[in-house]
Amino acid sequence: MPLLSDNSTSSARLSAENAEAERRLREAEDRLREAMEELHRRQRKAACGDSPPCDHADDSCVANAIGNLCQSFLLSYGVRVGIGILLRGFKLARGKSYSSLLDLKQLVSEKDLIVREEACRIGLLFGGFTGSYHALRCLLRKQRKKERPLNAILAGCIAGLSILALDDPNRRRTLSLYLLARVAQCAYNSAKSKNKFHLWGSHWRHGDSLLFSLACAQVMYAFVMRPESLPKSYKDFIQKTGPVAAPVYKAVRESCRGGPVDVESISAYLNSRGKSDTVKVEEFPSIIPCSVIHPDTNSCLGHNAKAASATFRKTFPLYFSLTFVPFVVLHLQKFMDTPGRACWLAVKGAVQSTSFLSAFVGIFQAVICLHRKIALQDHKLVYWVAGAMSGLSVLLEKKARRGELALYVLPRAGESWWYILVNRHLLPDVKNAEVALFCACMGGIMYYLEYEPDTMAPFLRGLIRRFLTSRISNPGPSVSRTASYACLQNFESMNKPKVQDNQQVEISTSKQYNLESIPGL
């Protein structure tokens, strides 16, 4: 009995000593935490002064801007070069020169693959904007000593001067109008979410398809009747994708305007097709017949089917490249984890997009041929209607991509309207107006990206944040991850009860898998 009493007394004394030691340790940890917090507060105040802290505490503002510039330049340069190399490989494979795929001189030589200058200009555009935007944000934050939406707008507008890296005014105008459509989309979504403005019909299920059809109507009308109002690269793409020769479009244009048709040019084209003896063209025809539009076949249905299949073969390499290369460059880790699945998704997406474009060409040609079966005189509005009808082929695309395609084609239609209105002296022809428009749009884009990201389309938001790096997020003071801060976090986790630890794990896990809560995603 005395032995048991002594053991219990010793255990109680030991427990009391452990409790006292734990209490003293906790008090020491509390005092150390308070001292570290004060030190951390003083360091942050000394580094930032009265201005809000930057969100790159581990780097200086200059190093952060240069790092973002280099990263964005390499990403955009790699995407452009990768697309060029893959298209060159498809071209060699189409010519059944499979051994040339292993010959670097034929695959990537500057003589056959002219992408170096264009890739550099694209890299300077994206890299220049990224680096200058980060530098200007830091400068404005320090000069104005506050973080306000105006900082993002000013930085975006000034950094937009990087558009001067593109030497082609038509490309600058196209890009500016594309961003204008995106800013309008963000502004409308913002007003709609605040119950300030709401367009009638915006709730329609196929409103994006309707917008795409209207934009295609203007583009195809411009291609046939006013080809000079479209960018040369875009016009050449439509010409190569379609099955009708350029002299025929010229004859159609002249016929609709009531002028004389270039008979020699049409005769030379028909002679090259071996049809000069069977098809005769008048100098003032009321309508260009189907025998001139598709002299290789007498069947309009056969011609349309052949045109659709030929379009599929010609454009599949392009769509596969545009789907596969950006994914590999921008999501290399995902590609390395599941390369087979990435290739399958790229092929599937390319087939769907190519089918949509093939149907577009087939429907457009079918409407043109149908008009010639029931009418005796041509009219320019026929090509506007044909473009609108062919735009319905976008229903073959994924629902998520229809709006993106509509906003892609809409700037082309806007550019055509712009040219026509300037040509008719209804709008002034201001030199470098596209540069000012691009700067203004980039200011708006960066405002919505940082302060109202939900108003922006997920595709565009993710793309911009990927090129501008994940360091751009919704504004707010960031905490420097110094050693003292890490030590404080360890203390806090050690002092929490087990139940709280489990709750903390659940909270952190939910944040980890909630992508919207992660800055930069």
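Some observations on this one:
- Scope segment 392-408; condition buried (at least 17 other Cβ atoms within 10 Å of the Cβ) and over 14 Å from the mean Cα position of the chain (by Cα); matching residues: LEU392, SER393, VAL394, GLU397
- Some residue of segment 251-264 being closer than 21 Å to CYS300 by Cβ, in the same structural domain as PHE356 (by the TED database) and in a helix (DSSP H, G or I): no
- Residue selected from segment 266-286 under the condition of a type in the set (Ser, Thr, Tyr) and in a loop (DSSP other than H, G, I, E, B), by the criterion least open to solvent (accessible area, probe 1.4 Å): SER276
- Residues that are within 15 Å of TRP418 (Cβ to Cβ), open to solvent by less than 60 Å² (accessible area, probe 1.4 Å) and among the aliphatic types (A, V, I, L, M) within segment 167-183 comprise LEU175, LEU177, LEU179, ALA181, listed in sequence order.
- Check on PRO411, open to solvent by less than 30 Å² (accessible area, probe 1.4 Å) and not aliphatic (A, V, I, L, M): yes
- Members of segment 135-159 found to be in a loop (DSSP other than H, G, I, E, B) and either of a type in the set (Lys, Arg) or touching a strand residue (DSSP E or B) at 6+ places or on another chain (Cβ under 7 Å) (or both), listed by number: LYS145, LYS146, ARG148
- Per-region count, segment 416-433, residues open to solvent by 10 Å² or more (accessible area, probe 1.4 Å) and assigned to a helix (DSSP H, G or I): 8
- Taking the criterion of being outside any loop (DSSP other than H, G, I, E, B), of a type in the set (S, T, N, Q) and modelled with pLDDT of 85 or more, the residues of segment 330-387 that qualify are GLN352, SER353, THR354, SER355, SER358, GLN365.
- Among the residues of segment 248-265, those that are open to solvent by 50 Å² or more (accessible area, probe 1.4 Å) and closer than 17 Å to TYR221 by Cβ comprise LYS250, ARG257.
- When VAL351, VAL367, VAL382 are checked against the criterion of being open to solvent by 30 Å² or more (accessible area, probe 1.4 Å), closer than 25 Å to SER286 by Cβ and in the same structural domain as VAL224 (by the TED database), a single residue qualifies: VAL367.
- Taking segment 287-325 as the range and being touching a helix residue (DSSP H, G or I) at 6+ places or on another chain (Cβ under 6 Å), among the small types (Gly, Ala, Ser) and either open to solvent by 10 Å² or more (accessible area, probe 1.4 Å) or in the same structural domain as LEU463 (by the TED database) (or both) as the test, only ALA308 passes.
- Taking each residue of segment 377-402 that is of a type in the set (Phe, Trp, Tyr) and looking for partners that are open to solvent by 20 Å² or more (accessible area, probe 1.4 Å) with beta-carbon atoms closer than 6 Å, six or more apart or interchain, yields TYR383/TYR221; TRP384/TYR221.
- Among residues of segment 440-492, those that are assigned to a helix (DSSP H, G or I), under 13 Å from ALA152 (Cβ atoms) and modelled with pLDDT of 85 or more, counted: 11
- Candidate set: segment 75-114, residues that are touching a Lys or Arg at 6+ places or on another chain (Cβ under 7 Å) and at pLDDT below 65; chosen: the one least open to solvent (accessible area, probe 1.4 Å): LEU113
- When PRO227 is tested against (1) open to solvent by less than 80 Å² (accessible area, probe 1.4 Å); (2) in contact with a Pro (Cβ under 8 Å, 6 or more places away or on another chain), just one condition goes unmet, and that condition is (2).
- Given (1) under 24 Å from LEU460 (Cα atoms); (2) open to solvent by 10 Å² or more (accessible area, probe 1.4 Å), number of the condition MET389 does not satisfy: (1)
- Yes/no for ARG148 being basic (Lys, Arg) and either over 30 Å from ASP59 (Cβ atoms) or buried (at least 20 other Cβ atoms within 10 Å of the Cβ) (or both): no
The values are calculated or read from the model by the stated rules, or taken from the named source; none is laboratory data. Every value quoted in this text rests on a predicted model; they were computed, and no experiment measured them. Please note: Cβ atoms are built from the backbone with ideal geometry, for glycine as well, and neighbour counts cover all protein chains shown. Surface areas here come from the heavy atoms of the whole protein model, side chains and all, with no ligands, DNA or RNA. Shrake-Rupley method; radii C 1.70, N 1.55, O 1.52, S 1.80 Å.
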